[in-house]
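Working notes for the structure below.
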Amino acid sequence: MTTKHLKCYPIGLTILLISNTLFINSCGTTRQPPTEAMTNAELAIKRAQTQAAPTLAATELRQAQEKWQQANTALQEANYDQAEQLAEQATVDAKLAETKAITAKLRQDIKQIQQSITEEEEK
C-alpha cells in the first residue's frame, strides 16, 4: 500500500463507522404510542362535557369525540403519528367546546344580571 491509501483509509473507516452507527440507532428506535396525547384528549372531552358543552357547543364537542375515536382507531392500528395528530386535534376541539360553553353560560348570567338591574330600577 502506498502512503496515499493509508491516509484515506482512516477517514473512510471513520465515515463507515459513523454511518453504520446512525443507521443502527435509527432502526433501533421504535415509535411509542402517544398515550399522553390520548389521555389529554380524553380529559379535555370530559372537562367540556362538565361545562354543558353537549348543549351549548354540541358541534365542537362532537368533532372532538369523533377525532378521539379516529385517534383510537389509528392507535390500535399502530399508526402512532396519525393517532397523535388526531388526539391533539381532539384536544383543541374539546377545549374550544369547553370555552364556547363557558362563554354561553357567562352571557346567560350577564343577561340575567342586566334584567335584575332593570327590574330594580323600575321599582
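What number comes out for the charge environment of residue 34, summing +1 per Lys or Arg and -1 per Asp or Glu over other residues with Cβ under 15 Å away? Overall, the nearby charge balance is -4.
Label-to-label distance, residue 82 versus residue 112, with points set 7 angstrom from Cα along the beta-carbon direction: 4.6 nm.
What per residue convex hull volume, in Å³, comes out for region 33-122 when only alpha-carbon positions are used? Each residue corresponds to 64 Å³ of Cα convex hull volume. Here the Karplus curve 6.51 cos²θ - 1.76 cosθ + 1.60, taken at θ = phi - 60°, turns the phi angles of region 76-85 into couplings of 5, 8, 6, 8, 5, 5, 5, 4, 5, 4 Hz, with x standing for Gly and Pro.
Cβ under 15 Å from residue 47's Cβ, residue 47 left aside: what net charge do those residues give with Lys, Arg +1 and Asp, Glu -1? Net charge around residue 47: 0. Within the straight-line cut-off of under 13 Å between alpha carbons, none of the aspartates and glutamates are reachable from residue 105, sequence neighbours fewer than 8 places apart in one chain being disregarded. Only Cα pairs under 8 Å and 6+ residues apart enter the sum, and on that basis the relative contact order of region 33-122 stands at 38 percent. Computed over neighbours whose Cβ is under 15 Å from that of residue 56, the net charge equals +3, Lys and Arg +1, Asp and Glu -1.
Any chance you could run the full-extension gain for residue 99 through residue 35? It's 0.36 nm times the residue separation minus the Cα-Cα distance, nm to one decimal.
Fully extending the segment from residue 99 to residue 35 adds 20.6 nm.
Every number here is computed from the coordinates shown, using simple stated rules; none is lab data. On a predicted model such as this, the values are computed, not experimentally measured, just so you know. For neighbour counting, all protein chains shown are included, and Cβ atoms are generated from backbone atoms with ideal geometry for every residue, glycine included.
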